[in-house]
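Shown next, in structure tokens, is the structure this report addresses.
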Amino acid sequence: MTDASDLLAIDSLLSDAELAQRAKVREFVDAEIRPHIAGWFDRAEFPLELVPKFGALGLLGMHLHGYGCPGNTAVEYGLSALELEAGDSGLRTFVSVQGSLAMSAIHKHGSEAQKERWLPGMAAGELIGCFGLTEPTAGSDPATMATRAELRGGNWVINGSKRWIGMASIADIAIIWARTDDGVRGFLVPTSTPGFTATPITGKLSMRASIQCDIELNNVELPADAILPGSSSLRSAFECLNEARYGIVWGSMGAARDSYEAALAYSLQRQQFGRPLAGFQLTQEKLVTMALEINKGLLLALHLGRLKDAGRLEPHQLSVGKLNNAREAIRICREARTILGGNGITLDYSPLRHANNLESVRTYEGTDEVHTLILGQRITGIGAFE
């Protein structure tokens, strides 16, 4: 938080170690991301040079233990996601795809040999991973996936397509989820394997400083031990998605806070009708509403973090956090843009960039509608997905 946004003394709820972790990441964002992000977004460029720096800072797989992973607490990871997304959602997304999805899949479901082979390099930022679950015709309903893995002569052969797969074109290893005779299983697919093709999706209006790809798998042949032995069903993939959803609960509030602070600073120096914009009642109402929602969102994130560190976090509680914070964050960013007037539609200011990015954040790892139905089933005991 900052003095201008922490209305409830939320900082007093954080330990010295948590405050130090937040300060370390905030300093990195200020030095390495803020000066360049407008250009990266404008050029649709992912700054690959930041990946080893993320590793050196201990941001990759930071909530995982062993195998070269940092082993931070859930709250420390959340605070890091908060600060990264204050820089840009696309860069926080890289950390999430690498750590919460690809590395978590290996850490949760991989063999000892697989963990030792891949996790140390991924934690250091020397190797990049991606997570292939979504398909062109299977988004919110991944159970309808068409990608299939078959055993032929002792080897696995995978055929299918994936879409909106973060970092696939620069990844060294892909976690591919495919249907088998024994249900949906996860596979480790080196991206150099013949038949694996990743093509970046262009023309995006959101997440422009990030990479999302189409993947084609055409008779991709893998050894028998490429399967993640601990993956037993689609639930195994959902366990990784829950890790990513947790990061979004925090990260979305980072985008909101940065937008609020940009609007506040602008309103204090911009003069209209002989006074600063901040001196008008309508502007103050907007600023107060934004600050209230940021404080509420961060208290929610912190509560979920404490539950996660205590081993008591339940999946439906992540739906509360993801649904509320992503939804409120995009409202805050849009409202912040109104204070900036016409200047707010340029990359000189962050709110509209954040709002555009949050259209993606609000969609991936479960849309508003999916999380609403999860919570509706929790409340009523009646599933309404079909």
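From (1) without any contact (Cβ under 8 Å) to a residue 24 or more places away in the chain; (2) within 18 Å of ALA171 (Cα to Cα), pick out the condition that doesn't hold for PRO276.
Status for PRO276: all satisfied but (2).
Does PHE273 meet the test of being open to solvent by 70 Å² or more (accessible area, probe 1.4 Å) and either touching a Pro at 6+ places or on another chain (Cβ under 9 Å) or of a type in the set (Phe, Trp, Tyr) (or both)?
Criteria met by PHE273.
Please work out which residue is most open to solvent (accessible area, probe 1.4 Å), limiting yourself to the stretch 322-352 and to residues that are small (Gly, Ala, Ser) and farther than 18 Å from ARG34 by Cβ.
GLY342
Could you list, in sequence order, the residues of the stretch 127-137 that are surrounded by 18 or more Cβ atoms within 10 Å (Cβ to Cβ) and either farther than 16 Å from GLU365 by Cα or not small (Gly, Ala, Ser) (or both)?
LEU127, ILE128, GLY129, CYS130, PHE131, LEU133, THR134, GLU135
If you check ARG245, ARG235, ARG257, ARG306, which single one turns out to be charged (D, E, K, R), open to solvent by 80 Å² or more (accessible area, probe 1.4 Å) and either within 25 Å of LEU84 (Cα to Cα) or touching a Gly at 6+ places or on another chain (Cβ under 6 Å) (or both)?
ARG306
Working only within the stretch 353-368, note down all residues that are at pLDDT below 95 and surrounded by fewer than 18 Cβ atoms within 10 Å (Cβ to Cβ).
Of everything in the stretch 353-368, those that are at pLDDT below 95 and surrounded by fewer than 18 Cβ atoms within 10 Å (Cβ to Cβ) turn out to be THR363, THR367, ASP368.
Among the residues of the stretch 281-299, is there at least one that is polar (S, T, N, Q), within 22 Å of the chain's Cα centre (by Cα) and either farther than 19 Å from LEU101 by Cα or surrounded by fewer than 18 Cβ atoms within 10 Å (Cβ to Cβ) (or both)?
Yes, that holds for at least one residue.
Out of the stretch 346-386, which residues are of a type in the set (D, E, K, R), assigned to a helix (DSSP H, G or I) and under 19 Å from the mean Cα position of the chain (by Cα)?
Within the stretch 346-386, ARG353, GLU359, ARG362, ASP368, GLU369 qualify.
Which residue is surrounded by the fewest Cβ atoms within 10 Å (Cβ to Cβ), if the candidates are limited to the stretch 369-384 and must be at negative phi and without any contact (Cβ under 8 Å) to a residue 40 or more places away in the chain?
ILE382
State whether one or more residues within the stretch 153-173 are at pLDDT 95 or above, assigned to a helix (DSSP H, G or I), open to solvent by less than 10 Å² (accessible area, probe 1.4 Å) and more than 24 Å from LYS24 (Cβ to Cβ).
yes
Can SER252 be described as under 29 Å from LYS162 (Cα atoms), assigned to a helix (DSSP H, G or I) and open to solvent by less than 10 Å² (accessible area, probe 1.4 Å)?
In short, yes.
Give ALA143, ALA149, ALA124 a once-over and let me know the one that is surrounded by 20 or more Cβ atoms within 10 Å (Cβ to Cβ) and in contact (Cβ under 8 Å) with a residue 12 or more places away in the chain.
None of the other options fit; the residue is ALA149.
Within the stretch 23-38, which residues are open to solvent by 20 Å² or more (accessible area, probe 1.4 Å) and either closer than 25 Å to LEU352 by Cα or charged (D, E, K, R) (or both)?
Residues satisfying the conditions are LYS24, ARG26, GLU27, PHE28, ASP30, ALA31, GLU32, ARG34, PRO35, HIS36, ALA38.
For the stretch 110-120, name all the residues that are touching a residue at least 12 places away in the same chain (Cβ under 8 Å) and either open to solvent by 10 Å² or more (accessible area, probe 1.4 Å) or charged (D, E, K, R) (or both).
Of everything in the stretch 110-120, those that are touching a residue at least 12 places away in the same chain (Cβ under 8 Å) and either open to solvent by 10 Å² or more (accessible area, probe 1.4 Å) or charged (D, E, K, R) (or both) turn out to be GLY110, SER111, ALA113, GLN114, LYS115, GLU116, TRP118, PRO120.
Looking only at the stretch 66-112, which residues are of a type in the set (Phe, Trp, Tyr) and part of a helix (DSSP H, G or I)?
Result: TYR77, PHE94.
The values are calculated or read from the model by the stated rules, or taken from the named source; none is laboratory data. All figures in this text were calculated on a predicted structure; none of them were measured in a lab. Glycine gets a Cβ as well: all are built from the backbone with ideal geometry, and neighbour counts include every protein chain shown. What goes into the accessible areas is simple: the full protein's heavy atoms, side chains included, and nothing from ligands, DNA or RNA. Shrake-Rupley method; radii C 1.70, N 1.55, O 1.52, S 1.80 Å.
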